[in-house]
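The values are calculated or read from the model by the stated rules, or taken from the named source; none is laboratory data. Computed from a predicted model, the values in this text were never measured in an experiment. Because the Cβ atoms are built from the backbone with ideal geometry, glycine has one as well, and the counts that use them run over all protein chains shown. Note: areas computed on protein heavy atoms with side chains; ligands, DNA, RNA excluded. Shrake-Rupley method; radii C 1.70, N 1.55, O 1.52, S 1.80 Å.
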Amino acid sequence: MENSVAERLGALREVMTRCGVGAAVIPQSDPHQSEYLSSHWQSRRYLSGFTGSAGTLVVTLSEALLWTDSRYFIQASVQLAGSGIKLMKDGLAGTPSINAWLAANMVRGGKVGVNGWFISADAARGMENALQQYDLSLDFAFDPVDELWPDRPALPKGKAFVHELKYAGESAGEKLGRIREVLAERQVKSVFISALDEIAWCLNVRARDVKCNPVATGFLYVGVSDCVLFMDPDKLTDEVSEHLGMAGVRTRSYDSVLDFLEGLDMDERVLIDPSRTAAVVEHVLGGRAVDGESPVAMMKSRKNDVQIEGFRRAMVRDGVALIEAFAEIDYLMSEGKVVTELDVAAILREKRSAQDLFFDESFDTIAGHGPNGAIVHYSATEESNAELKRGNLLLVDSGAQYLDGTTDITRTVSLGDPTPLQKRDFTLVLKGTIALDMAVFPAGTRGVQLDVLAHQYVWRGQNNYLHGTGHGVGHFLNVHEGPQTIRNNNNMTPIAEGMVTSDEPGLYREGVHGVRCENLILTVKAAPVAHGDGTQFLKFETLTLFPFDTSLIDMDLFTAEERAWLNGYHERVRSSLMPYLKDDRSREWLEKATVQI
């Protein structure tokens with residue numbers, strides 16, 4: 001891999017020299033500003049060899065650097081070794097931003113090349129403003145990938161399908177009507193939507209275009225009286241075409257989108273979300289573009305009653321699959337069988353795929369044994385695949401896509417004989433998970449205000465984790481969605497009723513072990529109490545149904561309130577799942593795992 005990466009970077013530099021580009025910026029992105037990409041858009045992965053879902057490659061004629069966040073520091077250091085690419089640990093003090101590095105290292109008058117489809121409108125503006133003062137120009141037409149990637153995968157050709165109303169809970173026509181109401185309030189004539197998950201939600205259409213994310217590649221224009229979906233016509237079945245027609249949606253080819261936008265009336269005000277719309281689109285719209293938050297993001301994040309019940313049913317099936325999987329893993333190990341990280345992932349997939357309404361995994365399973373558990377987004381390979389050994393921790397982060405809901409759960413378990421340090425670290429993390437779950441807070445509270453509840457215990461031990469505590473979760477959609485987050489940075493979106501969010505503090509000791517405890521939580525109204533002031537308060541309902549490993553709890557660090565919470569949770573897990581378990585091994589495993597402490 002090192003030689004092939006070096007060769008690819010050499011070929012890129014030849015194109016840069018020919019085009020007069022002094023620095024090439026290759027983001028991990030696509031024309032839809034997606035987090036997860038189809039294979040066609042994996043340009044940064046192809047050029048760098050780094051497989052993480054976040055990161056930007058910067059290549060000059062003499063240097064190559066890759067910026068990524070804390071989830072991937074360990075993984076990137078391994079995958080970039082020997083490639084000639086320097087790891088830049090984004091978010092740490094002392095690591096300059098990409099713009100600051102370019103300004104400090106490029107010759108005045110130089111040109112920076114970046115494909116304008118792969119950078120958002122607001123990021124492009126920020127880059128232009130930062131570099132102009134150093135007499136550096138930007139070339140948004142720089143697109144060397146087709147030339148450099150001879151066997152580049154084609155755009156996804158799989159068929160789209162309808163997400164039935166019995167799962168979605170609201171028709172596409174009703175959703176478009178709500179969107180048009182927002183357009184009227186904001187005094188714009190239309191909205192242009194690039195985000196694939198927003199389009200899927202709006203139209204109740206799904207596909208398999210992106211691994212683990214049931215989305216279809218396209219763009220969507222919603223006007224007061226017109227609605228146009230830009231999608232490869234080969235993806236549209238008769239059923240999908242009829243479904244779209246009933247909602248008043250007409251279709252055009254995927255590659256005709258810029259021509260359509262260019263032909264809009266010059267006085268039309270088109271709403272775009274600049275963080276999720278490509279710079280190329282904003283450039284074509286020109287003065288017609290009106291920046292603003294997507295009206296879809298908040299609508300999509302607040303699940304309706306049908307979706308919420310779907311989540312609850314999906315959690316039961318997912319919990320059954322997890323019980324069966326962990327019971328089998330324990331049995332195999334007790335019989336002296338070799339069990340590896342890849343075996344864990346395979347067993348989980350087997351058990352989940354046997355459940356009703358299973359569609360896919362919601363992301364590639366993270367099964368990290370011992371030191372591998374400290375790699376936040378670890379993915380086992382044939383080379384790294386570790387055998388499970390007694391005395392170590394196993395961190396398993398996994399999830400599934402069901403037609404009626406999406407799951408995401410992390411459990412850290414002991415493989416026997418836990419050490420005091422393992423128990424201490426686990427207990428501090430679990431305390432944070434419980435504290436956030438038990439939160440009661442006034443409507444309008446933002447995630448940054450809640451984050452300290454989860455962080456406080458690892459902070460008291462003078463440890464930290466740099467990833468977010470909580471992300472939104474889609475309904476049979478992307479496992480990561482906005483607009484809400486729970487993390488230690490400012491996000492103005494409040495945590496609102498109907499949102500499904502993860503609750504996942506962690507603690508990672510490089511080369512030793514990792515701990516993370518994750519449930520999905522639903523925001524619901526809190527019942528009024530005596531002597532309250534009448535303010536509307538909210539709280540969380542835990543959706544996930546699977547035990548925590550009580551053998552890892554240091555009872556000296558656990559309070560009576562936390563013990564009561566855990567015992568109550570385990571009682572609910574046992575009563576919810578036991579009726580659906582079909583074999584004695586699984587029932588015995590669940591009974592033992594939920595014994596009161």
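The table for this structure:
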quantity: Which listed pairs, of Lys337/Lys592; Lys86/Lys389; Lys235/Lys525; Lys159/Lys300, have C-alpha distances above 31 Å, in listed order; calculated: Lys86/Lys389; Lys235/Lys525
quantity: Theoretical FRET efficiency, 1/(1+(r/R0)^6), r = Cβ-Cβ of Glu181 and Leu357, R0 56 Å, to 0.05; calculated: 0.95
quantity: Amide hydrogen neighbours beyond the local backbone of Glu361, cut-off 5 Å, H modeled; calculated: Gln401
quantity: The chain, accessible area per residue, ligands and nucleic acids excluded (1.4 Å, Å²); calculated: 41
quantity: Total charge dipole magnitude, region 13-149, about the Cα centre, Cβ charges on Lys, Arg, Asp, Glu only, Debye to nearest 20; calculated: 340
quantity: Cα-centred dipole magnitude for region 492-597, charges only on beta-carbon of K, R (+1) and D, E (-1), debye, nearest 20; calculated: 280
quantity: Accessible area of Arg125 in the full protein assembly, 1.4 Å probe (Å², nearest 10); calculated: 80
quantity: Solvent-accessible surface (1.4 angstrom probe) belonging to Lys337, in square angstrom, nearest 10; calculated: 120
quantity: Overall Cα dimensions of region 302-424 - principal axes, largest extent first, Å; calculated: 44, 29, 26
quantity: Net charge dipole size for the chain [Lys, Arg +1 and Asp, Glu -1 on Cβ; Debye, nearest 20]; calculated: 740
quantity: Estimated vicinal HN-Hα couplings, Hz - region 508-520 in sequence order (Karplus 6.51, -1.76, 1.60; Gly, Pro = x); calculated: 10, 10, 4, x, 10, 6, x, 10, 8, 10, 10, 10, 9
quantity: 16 Å Cα-Cα reach of Lys157 towards aspartates and glutamates, excluding residues that sit fewer than 8 places from it in its own chain; calculated: Asp209, Asp232, Asp234, Asp238, Asp255
quantity: Gained length - Asp305 relative to Ser575, 0.36 nm times residue gap less alpha-carbon distance; calculated: 94.9 nm
quantity: Estimated FRET transfer efficiency (Ala6, Asp234; beta-carbon r; R0 35 Å; 0.05); calculated: 0.40
quantity: Spacing of the two label points (7 Å from each Cα toward its C-beta) at Asp584 and Thr419, in nm; calculated: 3.8
quantity: Label-point separation, Leu466 to Val338 (7 Å along Cα→Cβ), nm; calculated: 3.6
quantity: Region 81-94 - phi-based ³J(HN,Hα) in whole Hz, Karplus 6.51/-1.76/1.60, Gly and Pro as x; calculated: 4, x, 8, x, 9, 8, 7, 10, 7, 4, x, 8, 4, x
quantity: Highest to lowest packing among 448-454, 190-196, 531-537, scored as the average C-beta count within 10 Å; calculated: 190-196, 448-454, 531-537
quantity: Fraction of the pair-distance distribution of region 140-282 above 27 Å, Cα-Cα pairs, percent; calculated: 23
quantity: With all protein chains modelled, accessible area of Glu387 [1.4 Å, Å²]; calculated: 70
quantity: Calculated from backbone phi, Karplus (6.51, -1.76, 1.60) coupling profile of region 541-549 in Hz, x at Gly/Pro; calculated: 10, 6, 8, 5, 10, 6, x, 9, 7
quantity: Two-site label geometry, Ser97 and Ala527: point separation in nm, points 7 Å out along Cα→Cβ; calculated: 4.9
quantity: DSSP-assigned coil residues among GluC sites (Glu not before Pro) in region 233-340, each with at most 12 further Cβ atoms within 10 Å; calculated: Glu335
quantity: Alpha-carbon gyration tensor eigenvalues x 5, square-rooted, for the chain, Å; calculated: 39, 31, 24
quantity: Gain upon complete extension [Asp139, Gln536; 0.36 nm per residue less C-alpha separation]; calculated: 137.8 nm
quantity: Listed residue (Gly368, Gly52, Leu342) projecting farthest to the positive dipole end of the chain, Cβ model; calculated: Gly368
quantity: Cα-based reach from Lys211 at 12 Å (exclusive), listing aspartates and glutamates while leaving out same-chain residues under 8 positions away; calculated: Glu35, Asp360, Glu361, Asp364
quantity: Relative contact order [Cα under 8 Å, 6+ residues apart], the chain, whole percent; calculated: 11
